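*Asks:* Sending over a structure as structure tokens; questions will come in a sec.
The values are calculated or read from the model by the stated rules, or taken from the named source; none is laboratory data. No experiment lies behind these values; they were computed from the predicted model shown. Here the Cβ positions follow ideal geometry from the backbone for every residue, glycine too, while neighbour counts run over all protein chains shown.
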Amino acid sequence: MLESLLAMRHAALLFVGIGGLVLGIWPLIHVLRRLGRVVLRRPQSSWGMTRYLSTVATAAFLTGVGTASLGLWMALASFGDVGHKTHIAEIQCIEMAPGRLRVYYVPLDKEGRRGATETYDVAGDQWEVGGDLVRFRSLLTHFGVDTVYQVTRVEGRWLHAEDANSHKATAFDRAHTGSGWLALYQHGTRGPLGWLVQGVNGGAVSQLPDRRALYNLYVTSDGFVADKKSF
């Protein structure tokens, strides 16, 4: 019920904003056309100064209402996007021995259906998952355009650089960063694409093992997030 009311409020603000701009700009266009006829000395019906001033004042009022409504709509949409997360996987990790971890990765589709469990044995103090991300500008996210992503890697991570340098890295590919993704990395924010795309980058999230915890993996407008749920 509350979500429907919020949606109606956003829709009303958007309608008022667009309507105010359209109704406000139209009289201004009419005034400019009359001024153009005066410059070109073309015949037209006579208007007094009072009518000109009232038309301009009305147009300014309607344009102001439309601009304010659209500004409020965008602000509310921004607040609504805060904390928006798409659940993409469930992860469990247990420590088999010091520096040896077993990771269970269960992907979720857009409808929340669970895929097959993937098992990875990695070396490190933490497990880490990462991949590729295309982040869109906030105006598009207001219209429901989500971050495009793929989870490409599961690997182990050492907390100290000395340990990382003294151990062989263990990593497993879940997907490959192909030529299309490489092109986005290089050119995704150039030219007209820059009007739509905020950034293209790799991202990763890591956590300590805990046999009594489930980690929910999310993708947001900023990247990957892992929320820990103990049981």
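*Asks:* In segment 153-196, what residues are among the hydrophobic types (A, V, I, L, M, F, W, C), at pLDDT 90 or above and farther than 30 Å from Q92 by Cα?
*Replies:* L182, A183, L184
*Asks:* Looking at segment 123-135, can you tell me whether even one residue there is within 23 Å of S221 (Cα to Cα), surrounded by 12 or more Cβ atoms within 10 Å (Cβ to Cβ), over 22 Å from the mean Cα position of the chain (by Cα) and not aromatic (F, W, Y)?
*Replies:* yes
*Asks:* Let me ask another. Might you check whether a residue that is modelled with pLDDT under 75, among the basic types (K, R) and part of a helix (DSSP H, G or I) occurs anywhere in segment 31-39?
*Replies:* Looking for residues that are modelled with pLDDT under 75, among the basic types (K, R) and part of a helix (DSSP H, G or I), one finds at least one in segment 31-39, hence yes.
*Asks:* So which residues in segment 170-184 are more than 20 Å from P107 (Cβ to Cβ) and either polar (S, T, N, Q) or in contact (Cβ under 8 Å) with a residue 24 or more places away in the chain (or both)?
*Replies:* Listed by number, the residues that qualify are T170, S179, L184.
*Asks:* If you don't mind, there's one more thing I want to ask. Inside segment 21-41, can you point out the residues that are basic (K, R) and surrounded by 10 or more Cβ atoms within 10 Å (Cβ to Cβ)?
*Replies:* Selection gives R33, R34, R37.
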